[in-house]
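A.B. asks: Quick one: the structure is below, questions incoming.
Every number in this text was worked out from the coordinates using simple rules, so none of it is lab data. In this text the structure is predicted, and so the values were computed from the model without any measurement. Backbone-built Cβ (ideal geometry, glycine too); neighbour counts: all protein chains shown.
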Amino acid sequence: MEIGWVNTPQDWRDVFIMTFMVAGTLLFILGSIFTIITGLLTIAAVSRLRRILKDSLQPAVENVRETSASVRTTVTFISDHAVMPVVRAYGAYAGARRFIVVFMRFARPRR
């Protein structure tokens, strides 16, 4: 089989080697370009995500901190001015009741 200057199997081998070399080089260049573009897009996406999180999430976190501090202050106030007096009064009532029960045991005549 003769096509132009290619007429021996060694010439065909050389043509295929050169063709695969050119194709491999082009694929390597395209792969490198694709990898670089993918890396740049990933870096851009990560930086955009960080900026969005910084701009959106940080104020929300600060708001949650302020709210939790406010709730903590409110709970402390309620505990000091509403719950503790009730607990003290009930504790005094329960202690007096128990005292009366114990005292009544001693006051009863024994059989």
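A.B. asks: Would you mind classifying region 1-47 by shape? Square roots of the alpha carbon gyration tensor eigenvalues, ordered a ≥ b ≥ c; an a/c under 1.5 is rounded, otherwise it is prolate if a/b is larger than b/c and oblate if not.
C.D. replies: prolate
A.B. asks: Identify which of Thr25, Thr67, Thr42 has the largest mean-square fluctuation in a Gaussian network model of the chain, with springs joining Cα atoms closer than 10 Å.
C.D. replies: Thr25
A.B. asks: Next up: Report ³J(HN,Hα) in whole Hz for each residue of region 53-63, in order, from the Karplus equation J = 6.51 cos²θ - 1.76 cosθ + 1.60 where θ = phi - 60°; Gly and Pro get x.
C.D. replies: Couplings: 5, 5, 6, 9, 7, 4, x, 5, 5, 4, 5 Hz.
A.B. asks: Now a separate question. What is the dipole size for region 40-103, taken about its Cα centre, with +1 at each Lys and Arg Cβ and -1 at each Asp and Glu Cβ, in debye to the nearest 20? Display every interim value, and only then the final one.
C.D. replies: Working: 9 positive and 4 negative charges, 34 e Å.
With only Lys, Arg, Asp and Glu charged at Cβ, the dipole is about 160 debye.
A.B. asks: Separate question: Work out, step by step, the length gained on full extension between Tyr90 and Thr38: first 0.36 nm times the residue separation, then minus their alpha carbon distance; give nm to one decimal.
C.D. replies: Stretched out fully, the Tyr90 to Thr38 stretch lengthens by 11.7 nm.
A.B. asks: With unit charges on the beta carbons (Lys and Arg positive, Asp and Glu negative) and the dipole taken about the Cα centre of region 26-111, which residue among Ile52, Ile36, Val71 sits farthest to the positive side?
C.D. replies: Going by the Cα projections, it comes out as Val71.
A.B. asks: Same structure again: Dipole of the chain, Cα-centred, from +1 at each Lys and Arg C-beta and -1 at each Asp and Glu C-beta, to the nearest 20 debye?
C.D. replies: 2360 debye
A.B. asks: Report, as a whole number in µm² per second, the diffusion coefficient that Stokes-Einstein gives for the chain at 4 °C and 1.567 mPa s using the Kirkwood radius over alpha carbon pairs. Before the final figure, lay out each step's value.
C.D. replies: Details: Rh = 24.0 Å.
The estimated diffusion coefficient comes to 54 µm²/s.
A.B. asks: Given the options Val64, Val46, Val87, state which has the largest fluctuation in a GNM of the chain using a 10 Å cut-off (strictly under) for Cα springs.
C.D. replies: Ranking Val64, Val46, Val87 by mean-square fluctuation puts Val87 first.
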